[in-house]
Amino acid sequence: MAIVDLILRPGTADDAAECGRICYEAFAGIAKEHAFPPDIPSPDVGVALIEAALTHPGFYSVVAELDGRIVGSNFLDERSIVVGVGPVTVDPTVQNAGVGRRLMLDVMERADERGAPGIRLLQSGYHNRSFSLYMSLGFAHRATVACVQGAPIGRAMPGYEVREATDADLGACNDVCRQVHGVDRGGEVADALKQGTARVVERAGRVTGYATDLAFFAHAVGETVPDLQALIAAAPQFGGPGILVPAGDSALLRWCMSNGLKVVQLMSLMTIGLYNRPDGAYLPSILY
């Protein structure tokens, strides 16, 4: 089929099953090709992931159809002023035909229409084609990130109190994020508060860091490396493929490895538009 026959339309909840299947098969296929474990471990997880994005008011969705069948989808996380892309997935039967580029251009146009100052994403370091696509679309490589996984560390750090976050902590969390990144991610923190996964770390009686969760689809920010170490050390588990640790933060990554965590894969953090070099410690989510 010629790519000119491709139709792009908004996604709906009814698309979850087919888009979720494609999401699983696309990620599993490229991971198997490079002998890596898949980021999406099963079709059911793929469907649940896509359904959550399709039904969340903070996400924009686009679905690609070719000859009446769904062949791909893409999403834009609009919960914060800087937007995050993904997951972008294309049916393996029509990959390398330009579908991914069209899906990317659609969400980039959406971000431009919204006046978003920046767009960000993470991609698997072993997937050369997606890296080349994003570079050709104008994205810049900002950081190499290590996905690490392992058994919970399960200990407290003296002087750092980690506790469940409450709604009253939202302002302090946003303050820390703005201090480190120049922008806040309050929409994601608000969701984590509703889900009961958000944690904060306090030092000398004030909030000095937070995590929406310690997981692949969650992020964390701290004024210092020990603030993040305290959050990581107190986590009951590391959700999904693992947590994402900037490889440039050698002290934090070495600490993770010295506590039994192992590097699963390396990823690239890529951006267009506004990007402030972080002034502090952070863990990105898979969206950024």
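Fewest to most neighbouring Cβ within 10 Å: what's the order for Ser73, Ser132, Ser268? Each step should come with its number before you reach the end.
Values: Ser73 28, Ser132 10, Ser268 20.
So the ranking, lowest neighbour count to highest, is Ser132, Ser268, Ser73.
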Footprinting proxy, Ser136, Ser124: sorted fewest to most Cβ within 10 Å, the residues are Ser136, Ser124
Stretched fully, the stretch from Ala251 through Arg178 gains (0.36 nm per residue minus C-alpha distance, one decimal, in nm) 24.0 nm
Cβ-Cβ cut-off under 11 Å around Pro87, Lys and Arg +1, Asp and Glu -1: the net charge is -2
To the nearest 20 debye, the stretch 77-222 has a Cα-centred charge dipole, built from +1 on Lys and Arg Cβ and -1 on Asp and Glu Cβ, of 420 debye
To the nearest 20 debye, the chain has a Cα-centred charge dipole, built from +1 on Lys and Arg Cβ and -1 on Asp and Glu Cβ, of 800 debye
Shape call for the stretch 63-108, from the Cα gyration tensor axes a ≥ b ≥ c (a/c under 1.5 means rounded, otherwise prolate when a/b beats b/c, else oblate), comes out prolate
Measuring from the longest principal axis of the C-alpha atoms of the chain, the long axis of helix 43-55 (C-alpha) lies at a number of degrees, nearest 10, equal to 90 degrees
Expected unfolding gain across His141-Asp279 under the 0.36 nm per residue rule, minus the alpha-carbon gap, is 47.9 nm
Most exposed to least, judged by fewest other Cβ atoms within 10 Å, Ser250, Ser130 sort to Ser250, Ser130
Which residues qualify? For Phe59, with a placed amide H closer than 5 Å and at least 5 residues away or on another chain, they are Glu78
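How large is the translational diffusion coefficient of the stretch 158-219 in µm² per second when you combine the Kirkwood radius over alpha carbon pairs with Stokes-Einstein at 20 °C and 1.002 mPa s?
Values: Rh = 11.5 Å.
Rounded to a whole number, D works out at 186 µm²/s.
State whether the stretch 43-186 is rounded, prolate or oblate according to the following rule on the C-alpha gyration tensor (a ≥ b ≥ c being the square roots of its eigenvalues): a/c under 1.5 gives rounded; otherwise a/b larger than b/c gives prolate, and the remaining case gives oblate. Can you show the working numbers first?
Numbers: a/c = 1.85, a/b = 1.67, b/c = 1.11.
Cα axes put the stretch 43-186 in the prolate bin.
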Mean separation of Cα contacts under 8 Å (at least 6 apart) over the residue count of the chain, i.e. the relative contact order in percent, is 20 percent
Expected unfolding gain across Thr55-Ser132 under the 0.36 nm per residue rule, minus the alpha-carbon gap, is 24.7 nm
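Taken together, the values in this text are just the output of simple stated rules run on the coordinates, not laboratory data. In this text, all values refer to a predicted model and were calculated from it rather than measured experimentally. Cβ coordinates were reconstructed from backbone atoms using ideal geometry, including for glycine residues, and neighbour counts include every protein chain displayed.
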